[in-house]
Amino acid sequence: MFFTDRFILTPGPTEIPSRVRRALLRETSNPDLDPSFLEVYNRVRDMLKKLIGARTSSLYVIPGEAILGLEAAIANIVKPSSKVVVIANGVYGEGFGDFVKSYGGIPIYVGNGEWRKSVDLYELDRVLEKNRDVVAVTLVHCDTPSALLNDLSGVAKVVKEHGPLLIVDAVSSIGGVPIDFDGNGIDVMIGGSQKVLNVPAGLTVIAISKAAWDKIDEVKYHGYYLNLRLWRDMLDDQGIFPYTMSDVLIYALEESLNMIFEEGLEAVFKRHEIAKKASWNALEAMNLEPYPIAIEYSSPTVTAFIVPNNINEEKLRDITWRKYGVMIAGSWGRLKGKVLRIGHMGVQASRTHLLIAYTVLAKALRDLGLNTNIGRVVEAIEETYK
Ligand SMILES: Cc1ncc(COP(=O)(O)O)c(C=O)c1O
């Protein structure tokens, strides 16, 4: 298969645009010693702060997967016996509870019975009312395996009324959905490079509020690699990285952020919203059922739908990729085999990408015996973009 014949339409890792690929080829130096690298790194931090609406908090880009950022957040905030409310209405939502347990904390799960809509704010309020000694609440903004979008502002409002810290996994929303870190009063936000930002996997972004720092200084986590105090004490105070950075990944992230700001934040968020609407319209044209029960619970960055009866999703994905060159994704955990997903993250959130994604899906479903009307799929997408 030629490069131009293939389309990566999975919800991360995503397609890397040519400008970002070129940045990966930039001349390298020694990032620990080259003062111009620190300038680029700080520029990237400033752009990320602008992207998430964080004016006064700290923000670091750390080498390692987004999982590293999630674990670092818990490791630095949760002590043995600390209670944490875990909003568990998705694969990653539930997964936060495992991190809490592995650092000796006690997870209190909320929303684990209903994965197809945003967490019930009354339930969250009741649980926080009953457990006044909770140190933090964890929330996954977009739970990628189900494409669920949680009501970040609603959750933040309830959490702020009770006082614990709010830790938000924004790995698959950062860059495609507004976060408003300061406005929502978020305390820790974790992002990743390989989703909407269209950079290869290998970087995690972590933003930390003043209130979160007070807790981190009290907990005094003793490990090294996940220790957030090192980033503050070494990088902020002395301009030294705690360990060697991947300069090319930072150059790639810089270029991705340049592209976002050239287009304009409002326009970028709007483009993702339209991609979601076009996706839902395309699903409707094929009589496919989205996984979230309503469009307001569906992320602008990924669409998930239920595998139709009598269709083997692995076989379907094999056809879309090997026969038509379009890679789409299945799902994980309790959704494995039951849900399929199409990513519209960053450059994927375009009319052309969606036309390719959904016409190929319709064709592959036809190949497996389902009576899909490809013309109606095209019309549904074109209608959305009118
Ligand atoms: C919501 C969410 N959080 C965290 C992660 C973990 O990211 P990574 O695989 O980069 O460690 C993912 C990856 O799919 C994700 O979708």
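The values are calculated or read from the model by the stated rules, or taken from the named source; none is laboratory data. In this text the structure is predicted, and so the values were computed from the model without any measurement. Cβ sites come from the backbone with ideal geometry, for glycine too, and all protein chains shown count toward neighbours.
Using the structure shown, decide if D46 is in a helix (DSSP H, G or I), under 26 Å from V268 (Cα atoms) and more than 16 Å from the ligand (Cβ to nearest atom).
Values: in a helix (DSSP H, G or I): yes; under 26 Å from V268 (Cα atoms): yes; more than 16 Å from the ligand (Cβ to nearest atom): yes.
Yes: the conditions hold for D46.
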Regarding K220, is this residue surrounded by fewer than 22 Cβ atoms within 10 Å (Cβ to Cβ), modelled with pLDDT of 95 or more and under 30 Å from V377 (Cα atoms)? no
Only residues that are at positive phi and touching a Gly at 6+ places or on another chain (Cβ under 8 Å): list them for the stretch 320-379, please. G337, G346
List every residue pair whose Cβ atoms sit under 7 Å apart, with the two residues 6 or more apart in sequence or on different chains, where the first one lies in the stretch 77-94 and is over 25 Å from R334 (Cβ atoms) and the second, anywhere, is away from the ligand (no atom under 16 Å from the Cβ) and of a type in the set (K, R). I77/K215
I want to confirm something. Restricting to the stretch 87-108 and keeping residues that are part of a helix (DSSP H, G or I) and among the small types (G, A, S), which single residue is farthest from the ligand (Cβ to nearest atom)? S102
Quick check, is L9 under 20 Å from L197 (Cα atoms), in the same structural domain as G330 (by TED's automatic domain parsing) and of a type outside the set (V, I, T)? yes
Scan the stretch 186-205 for residues that are surrounded by fewer than 24 Cβ atoms within 10 Å (Cβ to Cβ) and hydrophobic (A, V, I, L, M, F, W, C) and report the count. 1
Selection from the stretch 290-318 of residues acidic (D, E) and more than 26 Å from G154 (Cα to Cα) yields E313, E314, D318
Does E15 satisfy the criteria of being farther than 17 Å from I190 by Cβ, within 16 Å of the ligand (Cβ to nearest atom) and at pLDDT below 95? yes
Single residue of the stretch 26-59 satisfying the filter (free of Cβ contacts under 8 Å to residues at least 40 places away in the same chain and under 26 Å from the mean Cα position of the chain (by Cα)) that is surrounded by the most Cβ atoms within 10 Å (Cβ to Cβ): R45
Would you check if there is a residue in the stretch 109-132 being part of a strand (DSSP E or B), more than 20 Å from K276 (Cβ to Cβ) and either among the acidic types (D, E) or away from the ligand (no atom under 16 Å from the Cβ) (or both)? yes
How do the helices (runs of 4 or more DSSP H) wholly within the stretch 299-386 filter down when requiring 1 or more residues that are more than 24 Å from N112 (Cβ to Cβ), in contact (Cβ under 8 Å) with a residue 60 or more places away in the chain and in contact with a Lys or Arg (Cβ under 9 Å, 6 or more places away or on another chain): which remain? 351-367, 374-385
